[in-house]
Structure formats: C-alpha cells, structure tokens
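Beneath this line is the structure, given in structure tokens, with notes to follow.
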Amino acid sequence: MFEDLLDETGRFMVETADRMLADLCGPEVLKAADAGEWPEAPWAAVSEAGFDRATLPEDRGGAGLTLAEALPLAAVAARHAAPLPLAETLLAGHVLGSTGLPAPEGLVVLAAGPGALLRPEGSGWRLHGRIASVPWGERADAVVLVADGAEGPRLCVLDRTERRAEPGSNMANEPRDTLIFDLRLDDVRTAPFVGGTETVLRLAALARSVQIAGALDRLRDMTVQYAQERVQFGRPLGRFQAIQQNVAVLASDAAAAEAAAAVGLLGVSDARAVAVAKARTGEAASRAAGIAHQVHGAMGFAREHRLHHLTRRLWSWRDEYGNELHWQAALGNTLLRHAPEDLWPVLTTIGRRAAR
C-alpha cells in the first residue's frame, strides 16, 4: 500500500513490518487484547525495530521520517488488526520533532483533544484539565498534548505519575482513557505549538484515515477469498451475480480509501486534503464493512474469526476525530470561501503539496 509515496527504505520498513505483524498478531493475541491484555511480544518487536520512533529526528534516536513516509506503517498494523498504539506514537514523535522538545523513553502517545489549559506560574507553568478518549492513555509512559493559554497554544509532555486515568475503550476494545491532571511544568517540557488543538486533531484524523485504508485492504482480500471458497447451492458464492456486484463495490471502496488517504499524506499540512481523506475513508468503512459481513454471514461474527476484529476497528476509527459528515461539512465550508471561478483550480490542487 502507498507504494508511490515510499522510497526504497520506506518499502523495506513496510515489508518488514508486514511480515513481523503477520507472525505476531495471530488469533490468540487478538483475543487476549480484546480482553484487555497488553500485547507484550508484538509491541516489543515493533519497538526493537524502531518503528514507534520513526518520526523522531535521527539525533534523538529516530529515523527522521515524515508522516507521509511513516504512517504507512500504521496502515500495515491496521491490516493485521494489530492491537498496538503505533499510529499514536508516530504522531507523538512528529509533533515532538517539530518543537524540539526531548522525547521521553518508553511508550509515548499523543492526546489529540481539547480540555487542557496552561497559565504562567512563577518561573514555570501550571497545567490542568481533562482530556477524553486518549488512546492507551493509562498505559503510556508519557503523553504529549496541546494546552491552550493566554500566550497561545503550547505542546506539553506529561509522565505517568502526573496524571490520573479513567479507563475507557472504543468498540474494538482499544483503550480510550480519560486523563485528568493538575501539575506544574518547567520550560523543558513545554514549547509553543503553532496551530494548537486544531492541528493535532487534523493529524489524528489523517492517521485514522490511513489505518482505515489498511484495514479495508485486508477486508477486501478476505472477502474475495471467502466468496471464492465458500460453496452454496452447489457453486461458490462468488459465482452469484449479486455477490459479485457487492464484492465489486467493496473493492472499489478499498481502492478509493487508499487513494483518499494518499491525498491526505501528500497534504499533511493542508486541512482540505485531510478532510478528503477522512471523509472518503469513513464513507468506505461504513459500506465495505456491511458488505463483508453480508458475504461472510454468521461466520464473520464468530469470536474466532478475524473479520470482526477488522470491522469493529473500522467502525471505531470512522467516528474518531470527526466522522465523514464532519469532514464533508468542513471541506464544503472551506470551498465556499472561494470565488466560483477559483473552485476548479482549488479542487484539482488538493493533495499536491509536498508532504511535511
């Protein structure tokens, strides 16, 4: 996936991650993670390979990749329904690298939501607030967040002892915890952050778009294979015209989702490109998941089957950081600001900006 966006090094990393996660994210791992168990072995392998720190600068232990180069790794993880916060660590590394703040050791995730306030206090800062639905917020060794204040938005880094977590989860049983905090920060752990909460929400929406595209890629392959192998009324399901038509729609949605996510990756700093990505992948997730379950029938709902691990993630990711209706409205409102004669040039340049 996203091969046109990757150089030789990027393709090597993606292929390595694909083989690694195929071996390490089997049914037992997914079942255990669904019950709340941390997938120790898969995450250790991802961390040892350096994938979680790929967006950090090289002088801080990372690979110095842009989001366009690194987020395809999150698509690979999504393809295997890997219960890992890889997308969140890549986002955290990206924003830390943009500000020059030091990267903490261990699992570092981005909290992309409003609710944090920062004010000057003596020679430092007072940070307090509450942020909901933070992926793996309780388990993370450190959390990166954006706080609002009179002097503008700032990026802040909190360690495990400086926050209280109220556990939560999404439909896929991935941790989505509420973090509560009230602490004093020095200048070493906070820095100005241009764009504020809106920027981190946009980046998080892009990551979900890429993950949806990865999961749909696997969903298509599984559904096509099942339709070819499953025999009903004396012939494979794939020989029935109605099934063929539905599978064709699913395959079209998977291809469109990858293309839309690629638009977002090519325009990371362009809100219009991200809106296209999240709106189209969200639409595809809804329709394709329904078709996949129709083709698989009751088998797809069985706890032992991988299908529901993918579709529950698709439904969850579709709604996180704005569903398709939210981003369609955002894109429409942006386009309405342009004169009629400018509409076509604007539409045809979305996603052509260099990734940053």
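The values are calculated or read from the model by the stated rules, or taken from the named source; none is laboratory data. Only a predicted model underlies this, so the values are computations on that prediction, with no experimental measurement involved. Virtual Cβ from ideal backbone geometry, glycine too; neighbours counted across all protein chains shown.
Please work out which residue is farthest from His293 (Cα to Cα), limiting yourself to the range 218-266 and to residues that are among the aromatic types (Phe, Trp, Tyr) and without any contact (Cβ under 8 Å) to a residue 12 or more places away in the chain. In this case the residue turns out to be Phe233. Residue count for the range 126-166 satisfying the condition of being within 22 Å of Pro192 (Cα to Cα) and touching a helix residue (DSSP H, G or I) at 6+ places or on another chain (Cβ under 6 Å): 5. Within the range 123-163, the set of residues being touching a Phe, Trp or Tyr at 6+ places or on another chain (Cβ under 7 Å) and not β-branched (Val, Ile, Thr) comprises Leu127, His128, Gly129, Arg139, Pro153, Arg154, Leu155, Leu158, Glu162, Arg163. Of the residues in the range 16-39, how many are among the charged types (D, E, K, R) and part of a loop (DSSP other than H, G, I, E, B)? Here the count works out to 1.
Filter the range 160-190 for residues that are among the acidic types (Asp, Glu) and part of a strand (DSSP E or B); which is farthest from Val144 (Cα to Cα)? Write out each step before concluding.
First, the residues of the range 160-190 that are among the acidic types (Asp, Glu): 162, 166, 174, 177, 182, 186-187.
Next, from what is left, pick out any that are part of a strand (DSSP E or B): 166, 177, 182.
Values: Glu166: 17, Asp177: 14, Asp182: 15 Å.
The extreme case among them is Glu166.
For the range 261-270, which residues satisfy the criterion of being surrounded by fewer than 24 Cβ atoms within 10 Å (Cβ to Cβ), in contact with a helix residue (DSSP H, G or I) (Cβ under 6 Å, 6 or more places away or on another chain) and part of a helix (DSSP H, G or I)? Listed by number, the list holds a single entry, Val263. Looking at the structure I just gave you, is Leu56 out of contact with any Ser or Thr (no Cβ under 8 Å at 6 or more places or on another chain) and assigned to a loop (DSSP other than H, G, I, E, B)? Criteria met by Leu56. Summed over the range 281-315, residues that are touching a residue at least 60 places away in the same chain (Cβ under 8 Å) and within 30 Å of Leu347 (Cβ to Cβ) total 9. Looking only at residues in the range 309-354 that are aliphatic (A, V, I, L, M), assigned by TED's automatic domain parsing to the domain that holds Arg218 and loosely packed, with under 12 Cβ neighbours inside 10 Å, the one that is nearest to the chain's Cα centre (by Cα) is Leu325. Put simply, of Arg119, Arg79, Arg126 the only residue that is surrounded by 24 or more Cβ atoms within 10 Å (Cβ to Cβ) and either of a type in the set (Lys, Arg) or assigned by TED's automatic domain parsing to the domain that holds Arg208 (or both) is Arg79.
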